Amino acid sequence: MLLFLATIKDENSKKKLEALYLKYKKDMFNVAYRILDDYQLAQDAVQTAFINIMDNLDKIENIYCNKTRAFVIIIVRNISINLYKKRKKHILLEDIDDTLPDDKQMIDEMIIDADILSKISSKIRELRPDYSDIISLKYFYHYSDDEIARLLNITPGNVRVRLHRAKQRLIMLLSEDRELTKSE
Amino acid sequence: MNDLSMQKEKVMEKMKEAMLEYAGACNAENIIKEMRVDDKFEEQVSFPQELDKRIKKLITQYERKKYIKKSWKTALKLFSKVSAVFFVVFISFTVLLTNVQAVRVKFFNFLIQIEKEFTSIDLKDRKEDNYTRDVSDLPMEWENVYIPEFIPEGYQISKVESLVNTKIIHYSNEENQIIIFTQYQDENTNLRIDTENAKFDKVDINGFEGLLVEKNGMFTVAWHYNDSAFSLMSNADKGILIKMAESIKLRK
């Protein structure tokens, strides 16, 4: 009986994977191609992203919702950015070992006023995609640092540094806006 | 830092987390909006069909990988159960071996036979052994061995031992008195008897000089005869020992 249930579960996983791929394959490929501008590399990016998504299949509750669509795009987008950086032999920002300032004070000083939410909504757009995406994965999709590292094919150390910089940058953008309002 | 400040800090942390969660949700929303804009435009690049094949292969491999993983898990579970059963059987067998006399004797016989070149041990459970033996019960392979023909009344053979060149016969009676007769068949045997703080006298055994030693209530008679050396030990009467010593006859 248990074996039968396990078989059903496997069959469900297979169907879920196939459905996920059919639903988002074009989105994934288009996003990867737009970043990489390379037909072959874009396919590699989609394949890598799909492997990483497969390992987290249990966390995807509904394939056909926008939350899942955004998640799939975030993964393929970041994998593509990684590949792009490697191809261009760019030094990854996370590889530079510098001391990161504490963002606590900036948070403390920031007053969460009535229109802060609309500010966040607009300022997140100004962040680099890999910064805004890591915030989404961590705080919206609630993945751990290790899980994010596996999803994006980066080290957990890189995850922590990137996440810290992303938060720092977002808070800075929000603070700048506030300072501007004050001076006016 | 007092408890209220700590509480405030925690709340601030929660607000920060909530703010970041909101930012993450906004980012996801922005992605969807961007994709919707993209959807309106016609695809500039045709979708590669070989990607479908690659992903299909990937899904099949994923299934296989999952099956192998599951099989391993099942195998490991089964292995642990089999180990447990084996352990229980092993323990049960050990308990059976030490509790059931028939099995125990057979098992020990097997062990003893391995060492037969060196020794032969009586495996009878003496506590339960009501069977008594006389000279005719001595091992058949005992040839050219001297045996005392005189056995004091009430004594019977309780145990026999055979080493390479040594034969030992134990006699006992109901009063738990014992006599141990030992024959050393090597002419070069050097008998050593503990005579420290002991009484000892020379005795004559069938015309051969022997030694009678008394220590801590134990009597020992030791002598040579032809190519062998002998000793008789007992906590009984020393006269009996001398009589026994004089009665030894070669069994052919």
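The values are calculated or read from the model by the stated rules, or taken from the named source; none is laboratory data. The structure displayed is predicted, hence computed values, not measured ones. Backbone-built Cβ (ideal geometry, glycine too); neighbour counts: all protein chains shown. For accessibility, only protein heavy atoms count, side chains too; no ligands or nucleic acids. Shrake-Rupley method; radii C 1.70, N 1.55, O 1.52, S 1.80 Å.
Pairs spanning more than 22 Å between alpha-carbon atoms, out of A:K15/B:K77; A:K23/B:K53; A:K26/B:K33; B:K202/B:K238; A:K88/B:K56; B:K159/B:K202: A:K15/B:K77; A:K88/B:K56; B:K159/B:K202. Given a Förster distance of 35 angstrom, what is the FRET efficiency for A:T155 paired with B:V85, based on the Cβ-Cβ distance and rounded to 0.05? The pair A:T155/B:V85 has a calculated efficiency of 0.20. For a paramagnetic label modelled at 7 Å from the Cα of B:F208 toward its Cβ, which residues of the stretch B:229-250 fall within the zone defined by backbone nitrogen distances under 13 Å? Within reach of a label on B:F208: B:229-232, B:245-250.
Distance between the modelled labels on B:K69 and B:K199, one decimal in nanometres: 8.9 nm (7 Å Cα→Cβ projection). Taking a probe of 1.4 Å and counting only protein heavy atoms, give the total accessible area buried between chains A and B in Å², rounded to the nearest 100. Its buried surface, counting both partners, is about 4500 Å².
Please find the FRET efficiency linking B:E13 to B:K57, where r is the Cβ-Cβ separation and R0 is fixed at 56 Å, and quote it to the nearest 0.05.
It comes to 0.75.
Relative to the current alpha-carbon distance between B:V164 and B:L4, full extension at 0.36 nm per residue lengthens the span by 48.6 nm.
If we count every other residue with Cβ under 15 angstrom of A:K59's Cβ, Lys/Arg +1 and Asp/Glu -1, where does the sum land? Spelling it out: positives minus negatives among the neighbours equals 0.
If you take all other residues with their beta carbon under 12 Å from the beta carbon of B:K10, and give Lys and Arg +1 and Asp and Glu -1, the sum is -1.
In terms of distances greater than 31 angstrom between alpha carbons, the cross-link table entries A:K59/A:K85; A:K119/B:K10; B:K16/B:K66; A:K16/B:K10 yield B:K16/B:K66; A:K16/B:K10.
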